[in-house]
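All remarks here apply to the structure that follows.
The values are calculated or read from the model by the stated rules, or taken from the named source; none is laboratory data. These numbers were taken from a predicted model, which means no experiment stands behind them. Counting neighbours? That spans all protein chains shown, and the Cβs are built from the backbone with ideal geometry, glycine included. The protein model used for the area step is the full one, side chains on, heavy atoms only, and it has no ligands, DNA or RNA in it. Shrake-Rupley method; radii C 1.70, N 1.55, O 1.52, S 1.80 Å.
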Amino acid sequence: MITRRDALKTTGLALGAALLMPRLITDALAQSADTAALLQPGPLGDVWLGPADAKVTIIEYASLTCSHCAHFHKETYPVLKERYIDTGKVRFTLREFPLDPLSTAAFMLSRCDGNEKYYPISDLLFDQQQNWAFVRKPQSPVDALEQIVRQAGFSKEKFEACLKDQKTYGAINAVKTRGLETFKVESTPTFFINGTKYSGALSIEEIEKIIKPILGA
């Protein structure tokens with residue numbers, strides 16, 4: 001169970017480790033994941049955007065406290081969504097790979113109101129990441145996180161109840177563990193585009209270089 005005290009104790013060390021993780025954009029790794037295994041959802045299911053028959057499938061493993069993930073979701077993702085997801089050419093899902101307990105808590109809040117609120121809340125947390133993930137004393141990150149999700153209609157009682165949900169906590173960590181052990185996700189963001197692994201905050205130009213040949217564009 002994540003408590004305010006636990007989050008406060010671990011935040012400094014965890015966020016420091018997150019910033020030190022490699023973020024360099026690399027070419028596709030030689031290996032490709034088993035497609036059937038990769039598409040198997042976690043305990044809470046995947047929240048997909050775009051049609052099931054899209055030619056391109058993109059799975060992103062991310063942490064809500066990862067600054068490079070936030071950059072992708074601010075700069076690249078809106079263009080990707082407008083050009084390719086909303087037009088039915090790409091199917092996309094975001095999977096949880098929390099780098100620290102604070103990110104785990106943030107993902108738990110994103111999952112709290114069901115699939116329809118998953119992206120509105122996670123987008124909100126990416127957009128305002130600097131206001132809760134990197135706050136300085138005397139304000140605590142957990143208090144800052146609570147203030148942010150009030151914008152999504154969370155009361156204090158709902159906020160605390162969501163962070164006590166052991167089923168959601170275990171499910172999010174199961175997704176991370178499987179990503180780490182089965183698909184060798186080592187940093188965030190990591191993308192699987194039609195089963196091939198790419199690491200780093202890809203730009204829209206880099207994504208288009210990968211997907212246009214698949215789409216025949």
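Taking residues in region 141-154 that are within 13 Å of CYS112 (Cβ to Cβ), and partners anywhere that are among the basic types (Lys, Arg) and not in a loop (DSSP other than H, G, I, E, B), the pairs with Cβ atoms closer than 8 Å and at least 6 places apart or on different chains are GLU146/LYS156; ALA152/LYS117.
Within region 47-61, can you find the residues that are in a loop (DSSP other than H, G, I, E, B) and over 22 Å from ALA171 (Cβ atoms)? So that I can check it myself, show each step before the final result.
Step one: list which residues in region 47-61 are in a loop (DSSP other than H, G, I, E, B), which gives 47, 50-55.
Scanning region 47-61 gives GLY50, PRO51, ALA52, ASP53, ALA54, LYS55.
For region 71-120, a residue qualifies if it is in a helix (DSSP H, G or I), closer than 27 Å to GLU205 by Cβ and touching a strand residue (DSSP E or B) at 6+ places or on another chain (Cβ under 9 Å), and the qualifying residues are PHE72, HIS73, TYR77, LEU80, LYS81, ARG83, TYR84, ILE85, TYR119.
The condition of being in a loop (DSSP other than H, G, I, E, B), open to solvent by 80 Å² or more (accessible area, probe 1.4 Å) and either at pLDDT below 95 or not polar (S, T, N, Q) (or both) holds for only one of LEU44, LEU24, LEU29, LEU64, that being LEU24.
Working only within region 121-139, note down all residues that are out of contact with any strand residue (DSSP E or B) (no Cβ under 9 Å at 6 or more places or on another chain) and under 22 Å from GLY200 (Cβ atoms).
In the first step, residues of region 121-139 are kept if they are out of contact with any strand residue (DSSP E or B) (no Cβ under 9 Å at 6 or more places or on another chain); the result is 121, 123-125, 127-139.
If the condition is that a residue be out of contact with any strand residue (DSSP E or B) (no Cβ under 9 Å at 6 or more places or on another chain) and under 22 Å from GLY200 (Cβ atoms), then ASP123, LEU125, ASP127, GLN129, GLN130, ALA133, PHE134 are the ones that fit.
Residues satisfying the criterion are absent from region 160-168 (criterion: in a loop (DSSP other than H, G, I, E, B) and open to solvent by less than 10 Å² (accessible area, probe 1.4 Å)). The condition of being open to solvent by less than 60 Å² (accessible area, probe 1.4 Å), at positive phi, at pLDDT below 95 and out of contact with any Cys (no Cβ under 8 Å at 6 or more places or on another chain) holds for only one of GLY88, GLY153, that being GLY153. Close contacts from region 39-65, counting a first residue that is basic (Lys, Arg) and a second that is open to solvent by less than 10 Å² (accessible area, probe 1.4 Å), with Cβ to Cβ under 9 Å and a gap of 6+ residues or different chains, come to LYS55/VAL90; LYS55/ILE211. Residues that are without any contact (Cβ under 8 Å) to a residue 40 or more places away in the chain, farther than 23 Å from PRO41 by Cβ and either under 18 Å from the mean Cα position of the chain (by Cα) or surrounded by fewer than 17 Cβ atoms within 10 Å (Cβ to Cβ) (or both) within region 175-215 comprise GLU205, LYS209, LYS212, PRO213, listed in sequence order.
For region 129-141, check the following and say yes or no: at least one residue is open to solvent by less than 70 Å² (accessible area, probe 1.4 Å) and closer than 30 Å to THR87 by Cβ. Yes, region 129-141 contains at least one residue that is open to solvent by less than 70 Å² (accessible area, probe 1.4 Å) and closer than 30 Å to THR87 by Cβ.
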